[in-house]
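Participant: The structure is given below, and queries will be raised subsequently.
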Amino acid sequence: MNRVFVHLLYATLVVPVFPQWMVYYDDYLPNFLVGANEEQTEQFKRIISDRSLSATEYNQRMDALISQLDPSNREKYMQPQRQAKESMERVSAKFLELISHLSGETKRAAQQLVDNVLASGQQTAQEMNRRMDAILSNLTPSAISELMNAYYDAIQLVNSNDK
């Protein structure tokens, strides 16, 4: 349960790192690479398979690749990125608002999680997960539950406002 929560929290609070979890399946190209040349396709495969990249490095390499594509393919890449970012920013803001009302232990842990996530641009996904696990391992089950409830409440509040 903690791992799912960490990934959700991570993906929600740190939009730039979210794409690092992309997995390439042979013979399947994302729609933004349809029509790309072989070198661009291979470059994409190398980028997403390199799990040692920090979010910043990943984004720099993807930006360089995307800039080589034709305008319609760039838009196919950018539109879902913009939509995800907007949604995640709303959830992040609501989560940050909700954690301000948590109890002492949970509030401190929540702030540590947020601080770690915000600093994660220079970390690999594995480093970030290790740090998140270390923070969560010091919490009681009730504190974890309180934190998870705040996160899920943030999602529900944002989703209900989007309707």
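The values are calculated or read from the model by the stated rules, or taken from the named source; none is laboratory data. From a predicted model like this one, the values you see are computed outputs, not experimental measurements. Don't worry about glycine lacking a Cβ; one is built from the backbone with ideal geometry, like all the others, and counts go over all protein chains shown.
Participant: Across segment 62-75, what is the total count of residues that are surrounded by fewer than 17 Cβ atoms within 10 Å (Cβ to Cβ) and part of a helix (DSSP H, G or I)?
Facilitator: Matching residues across segment 62-75 total 8.
Participant: Confirm whether VAL34 is at pLDDT 85 or above and either surrounded by 12 or more Cβ atoms within 10 Å (Cβ to Cβ) or among the β-branched types (Val, Ile, Thr) (or both).
Facilitator: So VAL34 passes the test.
Participant: How many residues does segment 42-60 contain that are surrounded by 17 or more Cβ atoms within 10 Å (Cβ to Cβ), in contact with a helix residue (DSSP H, G or I) (Cβ under 7 Å, 6 or more places away or on another chain) and part of a helix (DSSP H, G or I)?
Facilitator: Of the residues in that region, 6 qualify.
Participant: Give me a count of the residues in segment 58-105 that are of a type in the set (Asp, Glu), farther than 18 Å from ASN149 by Cα and modelled with pLDDT of 85 or more.
Facilitator: Residues that pass the stated criteria total 3.
Participant: Count, please, the residues in segment 106-162 that happen to be of a type in the set (S, T, N, Q), at pLDDT 80 or above and surrounded by 19 or more Cβ atoms within 10 Å (Cβ to Cβ).
Facilitator: So the answer is 1.
Participant: Surrounded by 19 or more Cβ atoms within 10 Å (Cβ to Cβ), polar (S, T, N, Q) and not in a helix (DSSP H, G or I) - does that describe any residue in segment 79-100?
Facilitator: Checked segment 79-100: no residue is surrounded by 19 or more Cβ atoms within 10 Å (Cβ to Cβ), polar (S, T, N, Q) and not in a helix (DSSP H, G or I).
Participant: Now, a different point. Tally up the residues in segment 52-96 that are touching a residue at least 12 places away in the same chain (Cβ under 8 Å) and under 20 Å from TYR152 (Cα atoms), please.
Facilitator: Counting residues in segment 52-96 that are touching a residue at least 12 places away in the same chain (Cβ under 8 Å) and under 20 Å from TYR152 (Cα atoms) gives 11.
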